[in-house]
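Asker: For reference, the structure I am asking about is given below.
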Amino acid sequence: MNRRQFLAAAAAAGLLPAPFARAATPAGQLRVLSEAGPNSFDSFSPGLNRQSIQISWNVYDRLLRFGWKDRGDGTATFDYYALEGELAESWTVSDDGRAITLVLREGATFHDGAPVTAADVKWSLDRVVSSPIGKAQFASGSMTDPAQFVVLDARTIRIDLPQPDRFALPNLALTYPIIVNSELARRHATADDPFAMKWLQANPAGGGAFRVAEATLGERVVFERFDAWRSGPRPALERVLWQVVPEAETRIAALARGEADVMQDVAPRDVARIAALDGVKVAGVPTQAFQFIGMNTQTAPFDNPKVRAAIAAALPYDAMFAAALHGRGQPLWGDDPAAGLRFPQPMGYVTDLDRARALMAESGVGPVTVPFAFDLGQAAVAEPVAILLQEALAQIGITVEIEKVPAGQLGTRLQEKTVPFFFEGSIAFLADPDYFFRIFYNGETRWNFGSYRNAEFATLVERTRHETDRAAYEADVARMIALAKQDLPLILLWHPTLDVAMRADVTGYGFAFHRMLDLRPLARG
């Protein structure tokens with residue numbers, strides 16, 4: 001197929017709609033292709049998918065944002081430890097750490113021209129803590145009650161905390177607390193839906209750097225720059241078309257021919273050949289996301305720590321990494337003496353079948369058959385892992401029956417704690433190790449994937465929550481890391497790399513913690 005035939009076929013199929021169907025992108029514009037599209041304009045509605053963040057992140061402001069850290073290759077990554085004002089031009093924390101006062105930027109407006117006020121901010125934060133989803137996240141920063149958000153004047157709001165909390169400020173920079181045009185949203189509120197959640201799922205009401213000019217959720221979104229934006233440098237891009245093209249080969253062909261500028265979520269198997277294309281580059285960043293083998297420690301035979309240790313010793317990590325990720329990631333097996341108190345970190349286990357067999361003998365568990373589940377939506381990575389795991393465990397007396405769960409259903413079963421053995425992945429938005437342990441190694445939620453219960457560990461989790469003595473905090477974190485390695489409720493595998501392909505003239509790419517595109521720093525030429 002030559003270039004003319006490709007363009008004609010693509011346009012006829014609706015893959016490259018006007019005005020982007022026939023030529024390279026005009027100056028000041030960008031075309032983005034992805035495999036999947038957004039299903040909501042909101043940032044935390046029920047059932048919201050990750051792609052929806054690409055809308056809310058660019059269409060709304062938050063009070064704060066994370067700064068950028070130069071990676072030395074023309075790209076950047078977010079800096080968790082460098083908070084900056086976004087809609088807030090300044091903030092102060094009281095001497096006792098229990099009050100945060102934020103002053104909004106003068107002249108900030110929403111896309112309809114209405115001024116942004118502290119009343120809009122309070123309504124938006126009230127909305128977060130009035131939703132079970134939002135409240136669960138904000139509780140990690142001791143924000144749970146609308147009464148904690150106090151309007152002082154039109155441009156000033158105070159957040160009252162029950163105790164000092166180092167997670168309060170970072171929470172204001174996450175995806176949840178978008179600042180909504182409350183007057184517009186309240187026109188669509190009802191007695192049953194006082195925060196217009198249903199309407200906001202289907203409609204934007206922001207004041208961010210871009211406005212939505214056109215959208216069909218799940219298919220395409222057209223962004224236009226909002227020239228009255230006051231919360232940062234004016235973006236270089238005037239217009240962005242984001243289009244869903246499910247077929248990887250079509251996305252690659254469009255990128256190669258210059259009819260697309262950015263291709264998101266490149267599959268590991270495609271990275272090398274895309275990077276070899278003329279005029280194309282790939283930006284790959286190991287993410288804070290992690291993938292792992294989960295074992296329900298309350299279900300036999302995984303309630304036996306010797307069995308869990310045997311499985312960890314039997315797995316062929318190098319082969320799984322090569323087959324599933326083509327080496328595109330950061331391993332979490334083996335050792336890293338420099339890891340310190342960072343977590344996740346390499347967990348110490350390596351492939352050692354002799355040790356695995358010895359541990360199985362010590363466990364007293366005879367030959368056993370177990371199911372191993374993975375979500376079909378993750379099959380490109382999960383299936384090679386499952387097959388290699390099945391082969392390895394057969395050598396230590398464990399017969400594995402692979403269960404391919406229809407896409408989207410595994411999460412429900414994990415919530416119900418009905419899956420004993422599985423492949424899964426997740427992500428921690430906040431970087432502190434005690435936060436990671438609180439979410440993924442403690443409690444009764446879905447996110448405690450291993451259903452891990454250890455009284456000492458639970459005490460340490462609570463003790464580190466508000467610990468102000470640095471030495472005591474570090475000692476407790478070190479002990480939690482030791483227990484995680486000893487008890488192995490999860491077999492951490494790796495941090496996968498997020499690969500984004502783009503034309504050589506695209507600049508300003510930065511990896512954001514939510515793994516979607518921040519359009520604001522991007523430029524062409």
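The values are calculated or read from the model by the stated rules, or taken from the named source; none is laboratory data. Nothing here was measured: the structure is a model prediction, and the numbers come from that model. Neighbour counts are summed over all protein chains in view; Cβ atoms, including those assigned to glycine, are modelled from backbone coordinates with ideal geometry. In case anyone asks, the SASA skips ligands and DNA or RNA and just uses the protein heavy atoms, side chains included. Shrake-Rupley method; radii C 1.70, N 1.55, O 1.52, S 1.80 Å.
Asker: Please give the length that would be gained between Ala482 and Gln298 if that part of the chain were fully extended, namely 0.36 nm times their separation in residues minus their C-alpha to C-alpha distance (nm, one decimal).
Answerer: Extending this stretch completely gives an extra 64.2 nm.
Asker: Can you compute the FRET efficiency between Glu89 and Leu341 using 1/(1 + (r/R0)^6), with r the Cβ-Cβ distance and R0 = 41 Å? Round to the nearest 0.05.
Answerer: The value I calculate is 0.75.
Asker: Hey, with R₀ at 22 Å, roughly what FRET efficiency would Ala136 and Lys69 work out to, going by the Cβ-Cβ distance, to 0.05?
Answerer: According to the calculation, E is roughly 0.15.
Asker: Right, here's the next one. Net charge near Thr445: determine it from the other residues with C-beta under 15 Å of the C-beta of Thr445, scoring Lys and Arg +1 and Asp and Glu -1.
Answerer: +3
Asker: Just the accessible area per residue of the range 236-312, please: how many Å² with a 1.4 Å probe?
Answerer: 33 Å²
Asker: Ala431 to Asp227: extension gain in nm, 0.36 nm per residue of separation minus the Cα-Cα distance?
Answerer: 70.1 nm
Asker: Same structure, new question: Restricting to DSSP H runs of at least four residues, report the calculated mean residue ellipticity at 222 nm for the chain, -39500 (n - 2.57) per run over all residues, nearest 500 deg cm²/dmol.
Answerer: -8500 deg cm²/dmol
Asker: Toward the positive end of the charge dipole of the chain, about the Cα centre and with charges on Cβ (Lys, Arg +1; Asp, Glu -1), which of Val266, Gly408, Phe374 goes farthest?
Answerer: It is Val266, whose Cα lies furthest towards the positive end.
Asker: Work out the charge dipole of the chain with +1 on the Cβ of Lys and Arg and -1 on the Cβ of Asp and Glu about the Cα centre, then indicate which of Ala253, Ala99, Gly284 is farthest towards its positive end.
Answerer: Value: Ala253.
Asker: If you don't mind, there's one more thing I want to ask. Just add up the charged neighbours of Gln415: K/R +1, D/E -1, any other residue whose Cβ is under 11 Å from the Cβ of Gln415.
Answerer: So the environment of Gln415 carries a net charge of +1.
Asker: What number comes out for the charge environment of Leu104, summing +1 per Lys or Arg and -1 per Asp or Glu over other residues with Cβ under 15 Å away?
Answerer: 0
Asker: At a Förster radius of 35 Å, what calculated FRET efficiency corresponds to the Cβ-Cβ distance of Thr507 and Glu214, to the nearest 0.05?
Answerer: FRET efficiency, Thr507 to Glu214: 0.85.
Asker: Still on this model: If you roll a 1.4 Å probe over the heavy atoms of the protein chains, what accessible area per residue do you get for the range 458-525, in Å²?
Answerer: 34 Å²
Asker: For the chain, which whole-number percentage of the solvent-accessible area (1.4 Å probe, protein heavy atoms only) is attributable to carbon and sulfur atoms?
Answerer: The nonpolar share, carbon plus sulfur, comes to 52 percent.
Asker: Could you please put His326, His111, His514, His188 in sequence from largest to smallest accessible area, using a 1.4 Å probe?
Answerer: His326, His188, His111, His514
Asker: So how much slack lies between Glu456 and Arg98, counting 0.36 nm per residue of separation and subtracting their Cα-Cα distance, in nm?
Answerer: Difference between extended and current length: 126.0 nm.
Asker: Continuing with this model, one more query. For Asp432, Asp192, Asp265, write out the residues from largest to smallest accessible area, computed with a 1.4 angstrom probe and no ligands counted.
Answerer: Greatest to least solvent exposure: Asp192, Asp265, Asp432.
Asker: Tell me which of Ser363, Ala36, Thr459 sits at the most positive position along the dipole axis of the chain, charges placed on C-beta atoms (Lys, Arg +1; Asp, Glu -1).
Answerer: Of Ser363, Ala36, Thr459, it is Ala36.
Asker: Next question, about the same structure. Which stretch or stretches of the range 363-386 have amide N atoms under 18 Å from the point lying 7 Å from Thr399's Cα along the Cα→Cβ direction?
Answerer: 365-373
Asker: Above 13 Å lies some portion of the pair distances; for the range 57-120, what is it as a whole percent of all C-alpha pairs?
Answerer: Tail of the P(r) past 13 Å holds 72 percent of the pairs.
Asker: To continue, here is another question. Roughly how many debye, to the nearest 20, is the charge dipole of the chain about its Cα centre, given +1 on each Lys and Arg Cβ, -1 on each Asp and Glu Cβ, and no other charges?
Answerer: 940 debye
Asker: Something else about it: Note down the nm distance, to one decimal, between modelled labels 7 Å out along Cα→Cβ at His326 and at Trp447.
Answerer: Those two pseudo-labels are separated by 3.2 nm.
Asker: Still on this structure, please answer the following. Would you kindly work out the equivalent ellipsoid of the chain from its C-alpha gyration tensor and give its semi-axes, the square roots of five times the eigenvalues, largest first in whole Å?
Answerer: For the chain, the ellipsoid semi-axes come out as 39, 32, 20 Å.
Asker: Order the following by accessible area, largest value first: Asp318, Asp227, Asp278, Asp120. Probe radius 1.4 Å; ligands, DNA and RNA are ignored.
Answerer: Asp278, Asp318, Asp227, Asp120
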